[in-house]
Structures are given as C-alpha cells and as structure tokens.
Amino acid sequence: MDVKVITLDNEDAGTIALADEVFGLPARVDILHRMVRYQLAKRRAGTHKVKTISEIAGSTAKIYRQKGTGRARHGAKRANIFRGGATVHGPVVRSHAHDLPKKVRRLALKTALSVKAQGGKLVVVDDLKADDAKTKALVARLEKAGLGSSTLFIGGTEVDQGFRLAARNLIGIDVLPSQGANVYDILRRDTLVLSRAAVESLEARLK
C-alpha cells in the first residue's frame, strides 16, 4: 500500500510503501477489545481497601451473656453486623492485571494500525521536528497541514525535543516514540500521524 508523505507545513514529500502484514490486516473488534481491557486493567492502581476483622479496634470479650437476655448470641463488637465492625469479603489491595498472549498483543497493535490506515485516518509525515519549542508556531503548522485537535503523533526511537515541548500543552495532542506505540492511545485519538522513522521502526518490530 503506497501512501502520500507530507511535511508539517503540508508540502509534498513523496510517497512511502506500507507493509500489508502490518497496515493491511482486516479489522478485528474482538482483538482490539481484549487488548484495551488488558491495558486498562494494568493501569488500575488496585489500592481499594476495607478493614478485615483482624484490623478493627475493639475487645473480643463477650458483649453479654450467652443465655437469658432474649437477644442473639454474639461474641465480639468487631462482628460485621455491628456499626464500626469489620467488612466481610470486601476489596483488598491487589493487582487487576491479567495475562494476554504476546501473539495477541502483536496482532492487536497491527490491527489498530490497519484500522487507521484503511479508515483514512493515517497520515505519514517526513519528520516530526520543531526548530523552536513554540506552541503557537506548532499550532499554525498543524492547522496548515489539516491535522485536527485529536491526534496522536508517533516519531522514531527518539522524539524531537522541540516538537515534544511545543506539543505538550495542546489538549487532545499526544506524542510518543515508536516503542511507545500502543493500541489504547492509537484508538483514543481520531488521527494517527507517523513519521517515516516511525513507519520503519514499527514495521521492523511487527513483521
């Protein structure tokens, strides 16, 4: 698949051939769904916590005698049915992460790239560079190139420092190096912009 390459000033910079095994796969919603759930589960802090009966302050002495009161048989104030008592089967600190096979993760990333390419939401630029780290100047260049307010930029192995600094205050704009490319960030933005170096790096990683 041949794709037109432009500069950030919307000038023609030739074409680039995209590998079909990376950018030409059919859409698999099931695979994308599994990968997004995997990523979001790993991000969860898992710091929710309630006190178990061993962590509640209170005496274990019997509240009142076993028989003769007409009341239920109780042994301690820390029981879960009392106000201020323990919580039974409540959440504890844990990891929400679950396993996903490496082959499925690779397929999901290739599928996400393919969905953007086939949907006309993939733009390839010659390079992601900003001589001066000025947000105003970068906004003008992006408007000239027709890039909207919901865009993910993926550069080579290292992102140009000037471009990263100029883009970091823009709402809806994300910038990642090629090794940071992931399914969730690709899908959450409307447009995906890859540099030539990013295309080469992703194809070398996923072929």
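Identify the residue in the stretch 44-63 that is exposed (fewer than 11 other Cβ atoms within 10 Å of the Cβ) and free of Cβ contacts under 8 Å to residues at least 40 places away in the same chain and, among all such residues, is nearest to Leu107 (Cα to Cα).
The selected residue is Ala45.
Do we find that Gln66 is in contact (Cβ under 8 Å) with a residue 40 or more places away in the chain and open to solvent by 50 Å² or more (accessible area, probe 1.4 Å) in this structure?
no
Can you confirm whether Val5 is outside any loop (DSSP other than H, G, I, E, B), surrounded by 16 or more Cβ atoms within 10 Å (Cβ to Cβ) and in contact with an Asp or Glu (Cβ under 7 Å, 6 or more places away or on another chain)?
Yes.
For Thr15, are the conditions met, namely being open to solvent by 90 Å² or more (accessible area, probe 1.4 Å) and within 30 Å of Phe82 (Cα to Cα)?
No.
How many of the residues making up the stretch 20-32 are in a loop (DSSP other than H, G, I, E, B) and buried (at least 16 other Cβ atoms within 10 Å of the Cβ)?
The total comes to 2.
Pairs under 7 Å by beta carbon, first residue among the charged types (D, E, K, R) in the stretch 5-26, partner open to solvent by 30 Å² or more (accessible area, probe 1.4 Å), six or more apart or different chains?
Asp9/Arg141; Asp9/Lys144; Asp20/Met1; Glu21/Lys207
Given the conditions (1) over 27 Å from Asp9 (Cα atoms); (2) within 29 Å of the chain's Cα centre (by Cα), which single one is not true for His89?
Of everything listed in (1) over 27 Å from Asp9 (Cα atoms); (2) within 29 Å of the chain's Cα centre (by Cα), His89 misses just condition (2).
Can you list the strands (runs of 3 or more DSSP E) lying wholly within the stretch 73-191 that have 1 or more residues being open to solvent by 60 Å² or more (accessible area, probe 1.4 Å), of a type in the set (Lys, Arg) and modelled with pLDDT of 95 or more?
none
Is it the case, given these coordinates, that Gly84 is within 30 Å of Ala197 (Cβ to Cβ) and not hydroxyl-bearing (Ser, Thr, Tyr)?
Considered against the rule, which asks whether it is within 30 Å of Ala197 (Cβ to Cβ) and not hydroxyl-bearing (Ser, Thr, Tyr), Gly84 comes out as no.
Which pairs have Cβ atoms under 6 Å, sit 6 or more apart or on different chains, and link a residue in the stretch 125-141 that is hydroxyl-bearing (Ser, Thr, Tyr) to one that is open to solvent by 60 Å² or more (accessible area, probe 1.4 Å)?
From the stretch 125-141, the pairs are Thr135/Asn169.
The values are calculated or read from the model by the stated rules, or taken from the named source; none is laboratory data. Since the model is a prediction, treat every value here as computed from it, not as a measurement. Glycine gets a Cβ as well: all are built from the backbone with ideal geometry, and neighbour counts include every protein chain shown. Ligands, DNA and RNA are stripped out before the accessible areas are found, and what is left, the full protein with its side chains, is counted by its heavy atoms. Shrake-Rupley method; radii C 1.70, N 1.55, O 1.52, S 1.80 Å.
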